[in-house]
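Please read the structure below before turning to the comments.
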Amino acid sequence: MTLESRHRRFLAEINVIPLVDVILVLLVVFMVTAPMLYRGMDITLPTSATNSIKPEMRTVLTIEKDQRLYLDKDPVGVAQLEQKLKILKRDHPDVSLYLRADRDVPYGVVVQVMDGVKKAGIEKIGMVTEPMGPEHVGAPQIPGLTPRKN
């Protein structure tokens, strides 16, 4: 036998099929076990006649463009507003009020309504606004005023 006949040719390529098989098996194992990791403990909770956590009462006060007021969906006059809010505060001490006012409502009307809310004793008040889109980010534009350029 000659030296050349003993010399074998080796295959230099890597066989990836077993690697793909192992990765697929691991993927299936993780897909099956992942939902089980977030599972809580199975317990039977006792029952209670009273609930210690009270849901928060949320009310929306709306001022339309023509200065009409609505408490949730019910129309209410400016004179009746403080009285209705006092009744609401008496029935639900943790009431949260969300004020929605049209942008064209005069500032004085909004201040008058907020004054009535404070007189009724409601401390939790929020102002509902529209989120700014990317085209509106920056300084607010006031009609009639143009920004100065230095």
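Coupling constants for the stretch 121-127 follow from the phi torsions by the Karplus curve (6.51 cos²θ - 1.76 cosθ + 1.60, θ = phi - 60°), and in residue order they are x, 8, 8, 8, 10, x, 9 Hz; glycine and proline get x. Counting other Cβ atoms within 10 Å as a rough exposure proxy, the listed residues R9, R100, R90 run R9, R90, R100 from fewest neighbours to most.
Can you give me the long-range amide H partners of Y98? Hydrogens built in the peptide plane at 1.01 Å from N, cutoff under 5 Å, separation of 5 or more residues or another chain. It is T59, V60, L61, G126, by chain and number. Per-residue Karplus couplings for the stretch 110-117, computed as 6.51 cos²θ - 1.76 cosθ + 1.60 with θ equal to phi - 60°, are listed in order as 5, 5, 4, 5, 5, 4, x, 5 Hz, Gly and Pro entered as x. Across all Cα pairs in the stretch 58-127, the calculated P(r) in 10 Å bins from zero up to the longest distance comes to 22, 62, 16, 1 percent per bin. In this structure, T59 and R103 have a Cβ-Cβ separation that, at R0 = 30 Å, corresponds to a calculated FRET efficiency of about 0.90.
Quick note: the coordinates plus some simple rules give every number you see, no bench work behind them. These figures come from a predicted structure and were not determined experimentally. Counting neighbours? That spans all protein chains shown, and the Cβs are built from the backbone with ideal geometry, glycine included.
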